[in-house]
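First up is the structure itself, then whatever we jot down about it.
Just so you know, all these numbers are worked out from the coordinates, no wet-lab data involved. Because the structure is a prediction, the values reported are computed rather than measured. So basically every Cβ, Gly included, is an ideal-geometry build from the backbone, and we count neighbours across all protein chains shown.
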Amino acid sequence: MTHEIPARAGRREWIGLAVIALPCILYSMDLTVLNLAIPKLSADLKPSGTQLLWIVDVYGFVLAGFLITMGAIGDRIGRRKLLMIGAGAFGVGSIAAAFSRNAETLIATRALLGVAGATLAPSTLSLIRNMFNDPKERTTAIGVWISSYSIGGALGPLVGGVMLEHFWWGSVFLVSVPVMLVLLAVAPVLLPEFRDPNAGKPDLVSALLSLASILFTIYGVKQVAQDGVSLPAIASIVIGMIVGWAFIHRQKTIADPFIDVALFKRPQFSAALAAYTIATFVAFGIYLFIGQYYQLVKGLTALQAGLVTLPGFAMFVGGSLAIPVLSRRFTSSTMLVTGLCVSGVGFAMLATVGTSSPTVWVVAGTVVYSIGLAPVVTLTTDLIVGAAPPERAGAAAAISETGSELGGALGIAVLGSVGTAVYRRAMAGFPAHLSHDANGVAQGTLGGAVAVAKELPARIGTQLVDSAQHAFARSLSVSAGICVVVVVLTAVFVSVLVRPTTTPEFAD
């Protein structure tokens, strides 16, 4: 039996990969950069509390809801065409957001950015699936693709901080405009077009079901993260799951489904998707605590806190780019299991953190878990996309990114809720020197305790901050311990279901 040797990529494909990385950097920057602009934005537009939450959250909500739909549309009309439409819409939405005159307009433009952003991840990842046919080259390309998101996440606070130092809050949105113009100019030259020649028209009912399922589920999860377990939040999650079941059932019955449900019957595909979702679960969940710990426990400024997170980002990028070299000597299952175990060591380091722990110890823990998660994210993405036939790569890429969005939301909700419960329990014994309202604020969050302490006599205020810092460090420690258990169990799960192939390919 002979095997056809896949064609190797040329200069055009590698230059095209650099073009593909540009919107990915902006995609993740837009998720983080707005947080820095909130104080100036609030002073200018004067949004209500509810409006401010929607300004922050609507981008992620809409983006997650449209991923599967956009992946399926890209398979039908062409991945490059969808990418260019999305890039144009992202540029227009960015300009509109920058010059919004009221909160309602900004919410609407952020929603438009979410729709446009949903075209970027599935289009770029599915283009990589078709541009790089050699498995080792494709792994390298996916490593670059994933690294671009980490670079965007690291650059977001830094670029946003510089822009806000010199310009108004809307300037943070304008950074994406010249990049999208470059993409529109060079994409037709450097990026090939791919579409499924046998695809039918997009199914409107499937699009609505997928949108409703993701929106209800993630909204409910975020409500749990913000306000704790409540009947409306649980109802939203249950509705999302029911609608999701209806979406899956419809995919089994229509002639041209959005996603190939049979993929989930492949143990390696399911294991890879689960591992990817869990990787984002622990990464997003623990990061919720790290930034607060740096600033409110160790006393770092926002800029200093941003700078000490850079080593973790750098190690994640380096680890992602090293996977193709490591894959020459180790099997995919070995690297996945080893990566999960290494990340477990990093989380175990964070589980020992207290208020007196050196900052360098916390930084070291984030570096270790970032090194461990790098092969997990890179290889599972490759496994997920490689499972689908080339003509359905867009839908597979969308499934991958939906798992990432859901994992991140769950991580923030679950670990955030656990951390809040640990913090409140530890603070329950604080001496009752406070009013009822002040006590509720102080027992709610570490930031609230610090704010309340400023209004108290020095001795009592110092005692309150000290107690709150110890309580928060305890919540970080417990959450990190949960992450250890989760990644170790996932390592066992992966070792059983992922075959020890030398390249991250699927075989039927």
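Amide hydrogen proximity for SER357: with H placed 1.01 Å from N in the peptide plane, no residue at 5 or more positions away or on another chain lies under 5 Å.
Ordered by the number of other Cβ atoms lying within 10 Å of each residue's own Cβ, fewest first, SER42, SER210, SER150 fall into the sequence SER42, SER150, SER210.
The gain in end-to-end length when the ALA428 to SER495 segment is fully stretched comes to 19.9 nm, 0.36 nm per residue minus the alpha carbon separation. Cα extents for the range 203-257 along the principal axes, largest to smallest and rounded to whole angstrom: 42, 13, 11. R0 = 41 Å: FRET efficiency of LYS201 with ALA421, Cβ-based, nearest 0.05? The formula returns an efficiency of 0.25 here.
Look at the dipole of the chain built from charges on Cβ: of TYR423, SER28, ALA480, the Cα furthest out on the positive end belongs to ALA480. Relative to the longest principal axis of the Cα atoms of the chain, the long axis of helix 79-98 makes an angle of roughly 30 degrees.
For helix 458-497, report the angle its Cα long axis makes with the longest principal axis of the Cα atoms of the chain; keep it between 0 and 90° and round to the nearest 10°. The answer is roughly 20 degrees. Ranked by how many other Cβ atoms sit within 10 Å of their own Cβ, fewest first, the residues GLU401, GLU13 fall in the order GLU13, GLU401. Considering only ILE73, SER148, LEU183, the residue lying farthest towards the positive end of the dipole of the range 10-202 is ILE73, judged by Cα position with unit charges set on Cβ. For the chain, find the longest principal axis of its Cα atoms and tell me its angle to the long axis of helix 11-45, 0 to 90°, nearest 10. That helix lies at roughly 30 degrees to the long axis. Packing order of peptides 285-295, 236-246, highest average first: 285-295, 236-246 (average count of other Cβ atoms within 10 Å over each peptide's residues). Using the average count of surrounding beta-carbon atoms within 10 Å as a protection proxy, the listed peptides 253-264, 478-489 rank, highest first, as 478-489, 253-264. Note on the range 10-202: Cα Rg divided by 2.2 N^0.38 Å, N the number of residues, gives 1.05. Tell me the label only: which of [x] 24.0; [y] 26.0; [z] 21.9 is mean projected area of the Cα convex hull in nm² as calculated from this structure? Checked against the structure: label [x]. When the helix-only estimate is applied to the chain (DSSP H runs of n ≥ 4, each -39,500 (n - 2.57), divided by the residue count), what is the mean residue ellipticity at 222 nm, nearest 500 deg cm²/dmol? Estimated from H runs of four or more residues: -28000 deg cm²/dmol.
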